[in-house]
Structures are given as structure tokens and as C-alpha cells.
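Contents: one structure, followed by commentary.
Please treat every number below as a calculation from the coordinates, not as lab data. Nothing here was measured: the structure is a model prediction, and the numbers come from that model. Virtual Cβ from ideal backbone geometry, glycine too; neighbours counted across all protein chains shown.
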Amino acid sequence: MRWNRKDLLGIEDLSVEEINHFLDTAFSFREISTRPIKKVPALRGKTIVNLFFEPSTRTRTSFELAGKRLSADILNITTAASSLVKGETLIDTAANLEAMKIDMMIMRHSASGAPHFLASRVKASVINAGDGSHEHPTQALLDMLTIKDKLGKIEGVNVVIVGDILHSRVARSNIWGLTKLGANVSVCAPRTLIPRFIEKLGVKVYCNVYEAVRDADVVYILRIQLERQKSNYFPSIREYARLFGIDREKLRHLKKNAVIMHPGPINRDVELSGDVADGENSVILEQVTNGLAVRMAALYLCSGGDIESEDTY
């Protein structure tokens, strides 16, 4: 198939065929990072703007590096360094950037739906790098690529997501993507951190970690997003760590080939212990490596590239 979308705004509206095509493209780009000269001319002459209105390390850096690996010109803009602090609206900021003939905007914003709002008003391609508590599509795609790489498949794999489901855009994108590809997805958290009616998305709900991880092939751990919480959802961090923090005791019956995943940043000894994060089942750093390939694929496909028809590298 051919990628026919101008933008990448979420996983919810992608078809199974589109997701698989995206993963195949990302797999093809992964080899570039192993070369002595880690650069190809696929996006030479293209200008990409990183619009990050929330803090980010992995996502912003990997998008910037992905653009440079593809020979694009990259411009980074943050809220503190933009005219938004002077009262300029988001759409005026985007319109002024587009007047400079840019080709693509990578956007992270605290407001759910902000990238969709922008994409409907600009001609440049827009890639969602995380919007509020809504979606984080490239994180889900890199997670799916990692699972497929480590376990050889996604269909039939048992995935349990543990942590702050209520405020997590990563959880939502992964649930939509993994269920579409045939995975069996469960969530585990205190009842206060589980969204109402989440079972309608095709997932099982657990409030006991030992039960949740018993048959898991993938244990996907989320941090507690205190910056998004407007009230107390559990007695204390210490209490949460005791009941829901993933340590070796809770994983003592884990399958031998099961994998531990985390989107970062990690709060060690809160949502997971250091020995689990650094243990033999952990693929956390492999997620980071695959994130670069996925973001290269996102930039390439949304710019109109077709990995099957063009010899770009």
C-alpha cells in the first residue's frame, strides 16, 4: 500500500494496513543508524519545525535527529522562546511559520486535540508528538515495533499496561494500536486511575498487579503523571509504589521471554525498581532506538515518500 495521509495525528483512525505499512517502513530505516555515515538524502531540501509546548527529551531529540538523518533542515521552537508568551495565538504562530514555506510541523501540546486543530488550518504536514491526555502515536508505533521485534508477532500477545491509565496518552494510543493488531490488552491501576468505560475499548481491567502480570508477555509500565493530576488519586507515592510499583517480587512468576517496557521518563523505585529497569527482560533502551526509526518513518511518509517505489537510501 501507499501512505496517503498528509498528517499523523493518532492511532485511533489508522487502519491495520496503515499501521503495518508504517512498521515495515520504520524497520527499513532502522538499518541507517548502524552505518558509519548515518545520513541519507531522503528529505533534502525539506524544512521541519519542532513545536514543543511541553517538556520532552526522548521525543523531541529523536524527531530532531530523525530529520537530520534524512538530511532535512530542522528548527526548534519552545513556548518560552516564541511569541506565544507575548499573546500571539497558536494559529498565528503556525501561519507565520508557514509563510516561511516550511514543509512540516512536529507538535507537542498540553491541550488534547491541538495538533488536529492545527492540521486542519495549515497546508504543511503535522505530526502529533503528544497532545494532552489524548494520544502519542509515534510512541505507540515504536512500542509495537519493539514488541514485534522481540516476540516475533503482535497478534495473540498478552500485554498488560500498569500505571496511570487515566492521564496517559501513551496508554490510549497503545490500546488502539495493539488491539487492532490482535493483541490481548489488559490495564492495571488503582480504580481511581482507570477511566470509566475503558472496557469498551476491548481491554480487561485489573486492580491487583499479581493477577495482571501472571500470563503477560509484555508488562508495559507507566509513570504517575502528577503534572496532569488535579486531585489526589491515591494516598501517597509510597503507598502506590508498595501496591503497584513493579519489582522482582511482583514479577517472580513472569514468563522467561516476557519483556518489560516503559515510555520514559522513569521514576525509579516508584513505578518500577532499578533492578527491573536494568534487568535482562527490560527493552526500555531498545524502545528508544526504535523510536528514532519510527520518527524517521513518520517524517518520510508524511512528506510523501514511498519506501517501496523510491530508492532514497
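Counting neighbouring beta carbons within 10 Å and listing from fewest to most, the residues Cys302, Cys188 come out as Cys302, Cys188.
Going from the fewest other Cβ atoms within 10 Å to the most, the residues Ser120, Ser125, Ser33 appear in the order Ser120, Ser33, Ser125.
Could you tell me the ratio Rg/Rh of the stretch 137-284? Both radii from Cα atoms, Rh via Kirkwood.
Numbers: Rg = 13.9 Å, Rh = 15.1 Å.
Computed over Cα atoms, the ratio is 0.92.
Working from Cα pairs under 8 Å separated by at least six residues, relative contact order for the stretch 137-284 is 24 percent.
Going by C-beta contacts inside 10 Å, put Asp217, Asp143, Asp149, Asp278 in order with the fewest on the left.
On the way: Asp217 21, Asp143 27, Asp149 16, Asp278 12.
Least to most surrounded, the residues fall as Asp278, Asp149, Asp217, Asp143.
Under the criterion of Cα pairs below 8 Å and six or more residues apart, the relative contact order for the chain equals 22 percent. Using the Kirkwood radius over Cα pairs, work out the Stokes-Einstein diffusion coefficient for the stretch 259-300 at 25 °C and 0.890 mPa s, in µm²/s as a whole number. This corresponds to a translational diffusion coefficient of 219 µm²/s. Of the residues Ser83, Leu292, Gln139, the one whose Cα sits farthest towards the positive end of the charge dipole of the chain is Ser83 (charges of +1 on Lys and Arg Cβ, -1 on Asp and Glu Cβ, taken about the Cα centre). In straight-distance terms, cross-link reach from Lys6 covers every one of the lysines whose alpha-carbon lies under 19 Å from its own, apart from those fewer than eight places away in the same chain; here that gives Lys46, Lys101, Lys123. When each full DSSP H helix of the chain is screened for a Cα extent of at least 15 Å along its own axis and an average Kyte-Doolittle hydropathy of at least 1.0, the helices passing are 284-302.
For the chain, the orientation-averaged shadow of the C-alpha convex hull comes to 16.1 nm² (one quarter of the hull surface).
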